[in-house]
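A short worksheet on the structure shown next.
What follows draws every value from the coordinates through simple rules; no lab data is involved. Please read all numbers here as calculations on a predicted model, not as lab measurements. Don't worry about glycine lacking a Cβ; one is built from the backbone with ideal geometry, like all the others, and counts go over all protein chains shown.
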Amino acid sequence: MWSRRQFQQALAGSLGLPLLVGPAAAQAAVPPADLGSLDAELQLLPTSGEFPLSFLQDRFTDPAGWRAIALAKLRELHRHDPPAVAPDPQWRRRDDGAEVIREELTIQTAPGLRVPATLLRPARQERPAPGIVALHDHGAFFVWGREKILHADPQPAVLATFQKQYYGGRAIAWELARQGYVVIAIDAFYWGERRLLVDGDPADWRERPVDLPADRVAAYNQRSSLHADVVQRAIASTGHTWAGMMAVDDLRTVDYLASRPEVDPQRLGCVGLSMGGYRSGQLIAADERIKAAVAVGWMCSFPAQLRSKVRNTLGHMFMVPGLNRFLDYPDIVGLAAPRALLVINGSQDGLFDPAGVQHAFAKLQRIWTKAGAPDKIACRLYDAPHEFNAAMQTAAWAWLRQHLA
């Protein structure tokens, strides 16, 4: 099993944090400024007042007109716009279960790029059902990607421990399929089958056996955390962004899901925790086919993060240079208005500034109210850490039923 210390080491490595244990951790209740002696000067950089392309600016009155302008800026700064391609699914295998049919396949998201995916659908489905894109987290856990939200038998012990800590011991994609949705999950770039492997890597890292020991998982995750900086530099040097690459993969996943005959393309949704929550908010913002979304463990106002949360939420996968000169995080997610969005955060989540979370929640309510749909936004704060627990899931599934039934 993965010990708490091993998890802390992997997480610290991923986020660039010092590892604090024992008395030092207790003394760090108030986090120090990430920017040290440079903090005062760099605090002058964030946009003050309302962001220029926020829907709350007086000059924007029509949600559709504003969305066209703001979304164009988002896509411009993502700097990743490969030619459109057909999904061209290629099947690997199919497992017919009593409740859920599971298909393993790859889909094309860009010319020459095939992405591994798992599609789950109800075994007793009689008519087109709502479709869900289930988006896995970051978690400083790279050995597996989509498996973190899937059911496996047998399941690696370290993966079961991870699910228990962050998902209440549940495979959320599997749960949704059992409820009647057609669900698809892909590996994000740098996770699972798309993880980093280099010459000389040992067989266990390459093959991921079901009995892979916790210390070997932790060692791999720590190595990947350290190498993320190199990968980001390579991406940036080509003029692209990691966030843009993730966004295109997720958009093309919607293309494929909507094309399935078992899916009602008018009833599509998405859900995710942490990086998956970030992806969920980005996806409903960018794609009007998504009618309802749940974003868990990823909402805050950007300026509030800059003093002591830079290492937490400005990771390589989320960097879109220049974007926060125009739009705050809730403004970007606000591109989804007036469609249905549920945002969930934990009050004990140390990744986000509490005042920034409350500011973002209030701003989202104002955006949806201005768009004429105050009942289509819900922001809920649970007394919980960074997780998608059973109570949160109950609320999330009720939200999706309400808006996709």
Relative contact order, percent, the range 279-387 [alpha-carbon distance under 8 Å, six or more residues apart]: 36
Antiparallel %, DSSP beta bridges [both residues in the chain], to 5: 45
Return the Rg/Rh value of the range 92-164, two decimal places, where both radii are evaluated on C-alpha atoms and Rh is the Kirkwood radius. 0.99
Using R₀ = 35 Å, calculate the FRET efficiency as 1/(1 + (r/R₀)^6) where r is the Cβ-Cβ separation of residue 229 and residue 60; round to 0.05. 0.40
Please list the three semi-axes, largest first and in whole Å, of the ellipsoid equivalent to the range 211-275, using sqrt of 5 times the eigenvalues of its alpha carbon gyration tensor. 31, 21, 9
Compute log10 of I(q)/I(0) for the chain with the Debye formula, placing one identical point scatterer on every Cα and leaving out solvent, at q = 0.06, 0.07 Å⁻¹, to two decimals. -0.22, -0.30
Using 11 Å as the cut-off for backbone N distance, which residues of the range 161-186 belong to the label zone defined by a point 7 Å from the Cα of residue 262 along Cα→Cβ? 177-178, 180-184
Per residue, what volume in Å³ does the convex hull of the Cα atoms of the range 266-335 enclose? 80
What FRET efficiency, computed as 1/(1 + (r/R0)^6) with R0 = 35 Å and r the Cβ-Cβ distance, is obtained for residue 201 and residue 93, rounded to the nearest 0.05? 0.85
Once the Cα gyration tensor of the range 182-221 is diagonalised, what are the square roots of 5 times its eigenvalues, in whole Å and ordered largest first, as equivalent ellipsoid semi-axes? 21, 13, 9
Taking +1 at the Cβ of each Lys and Arg and -1 at the Cβ of each Asp and Glu, which of 385, 202, 183 sits farthest along the dipole of the chain towards its positive end, judged by Cα position relative to the Cα centre? 183
What is the spin-label model distance, in nm, from residue 405 to residue 152 if the labels are put 7 Å beyond Cα along the C-beta direction? 3.5
Fully extended, how many nm does the chain gain between residue 37 and residue 211 (0.36 nm per residue separation, minus their Cα-Cα distance)? 58.0 nm
